[in-house]
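Right, one structure below, let's go through it.
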Amino acid sequence: MRSASGIQYFCVFMIIMIIASECLYYNIIESRWRFPVLSMINIAFLTCAFIYGHVFMNALGSDLSFRSDLFSHTAIAFSVVTMAGIGFRYNRGRQAAPAPTKAILAIGAHPDDVEFGCGAALLHYRKQGFATHALILSSGENGLGASPTPLHNSRRREAHKGGEVMRLSSLTILNFPDCGMTSRRDGIKSAIEEAIRKYNPDVVFTHNNFDRHSDHRMVFNATVEACRNVPTVLCYENPNTPPEFRPNFFVDVSDCLDFKIRALQCHSSQTRKSYFKPELIRSIARVRGNQAKVRFAEGFIAIRAVLGAM
Ligand SMILES: [Zn+2]
């Protein structure tokens, strides 16, 4: 009976250990999940270790034949190796992911604007250790066609999926009216000022002053006023930006362009629109890359730029 019991506990323990190990790997090394998830997994792990230890000690005390059970020794060895492995990964993860020292805030009027304008740059700087935050001022309800309701507005979910692809540190979506921002200037400026107080960004990305969309120009004006104390402010384009937009600041995004396209594809309610085509996104990045003498780039107009900020 003891032997069978030992095998059963060992099997359960092994499965739990494998799951816990993989969860910790994705959480710490890949930085996919947040702290509460890590805490829950740690608690589950410790509980399992305690239960196993308790069962083992009971078996050892009441039935010494358990000592000769091959599986019990294997279980001990496995648990030691697993815990050592988790400890190693944990320490490595802590060393590999230092706290961000610089922050970027990207501001957009509608859920897909940030991806179009600076999606690849955000991922590029995220990989370099920046904290990257996005502030979207509307849920883009007009982009859904006839009579959308807040409950059925899928664009928020799409934006969050895109944010995951760009590995954003945070994404905030507000409720200013899509195509009605010109009458909400003070509220928009206050919302941007609040985000700047919260994130203290070194760099802000925003719309440009040439776009035909009145929401974009309103967000540009409100951002420039709200960012009076931000060192670097860069204006991005989108596929419908008119030719007057002439970038004077470039970010080499050759390593991140595919992820920008993947992030845009998350906006599945919009992808039927011609300007969502990957070939167009790639072409714009290639042109900007040629201007910057790299393969692929995103182009910006700098309101001001501090070299050490990026
Ligand atoms: Zn827009």
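The values are calculated or read from the model by the stated rules, or taken from the named source; none is laboratory data. Just so you know, these numbers come straight off a predicted model, no measurement behind them. Cβ atoms come from the backbone with ideal geometry, glycine included; neighbour counts cover every protein chain shown.
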I'm trying to understand the selection: among the residues of the stretch 265-290, which are in a helix (DSSP H, G or I) and in contact with a Phe, Trp or Tyr (Cβ under 7 Å, 6 or more places away or on another chain)? Ala285, Arg286, Arg288, Gly289
For Ala103, state whether it is more than 13 Å from the chain's Cα centre (by Cα), at pLDDT below 85, more than 16 Å from the ligand (Cβ to nearest atom) and of a type in the set (A, V, I, L, M, F, W, C). no
State whether one or more residues within the stretch 242-263 are in the same structural domain as Ala121 (by TED's automatic domain parsing), assigned to a loop (DSSP other than H, G, I, E, B) and basic (Lys, Arg). yes
Per-region count, the stretch 217-232, residues part of a loop (DSSP other than H, G, I, E, B) and buried (at least 21 other Cβ atoms within 10 Å of the Cβ): 1
Taking the stretch 100-131 on its own, how many of its residues are assigned to a strand (DSSP E or B) and more than 19 Å from Arg157 (Cα to Cα)? 4
If we keep just the residues of the stretch 251-264 that are surrounded by 18 or more Cβ atoms within 10 Å (Cβ to Cβ) and in contact with a Phe, Trp or Tyr (Cβ under 9 Å, 6 or more places away or on another chain), which is nearest to Val294 (Cα to Cα)? Asp252
Would you tally the residues in the stretch 113-129 being touching a residue at least 60 places away in the same chain (Cβ under 8 Å) and more than 21 Å from Ile284 (Cβ to Cβ)? 1
Looking at the stretch 233-248, which of the residues that are more than 16 Å from the ligand (Cβ to nearest atom) and crowded, with 18+ Cβ neighbours inside 10 Å is farthest from Leu122 (Cα to Cα)? Pro247
Per the filter on the stretch 193-216, residues part of a helix (DSSP H, G or I) and either aromatic (Phe, Trp, Tyr) or within 11 Å of the ligand (Cβ to nearest atom) (or both) are Tyr199, Ser214, Asp215, His216
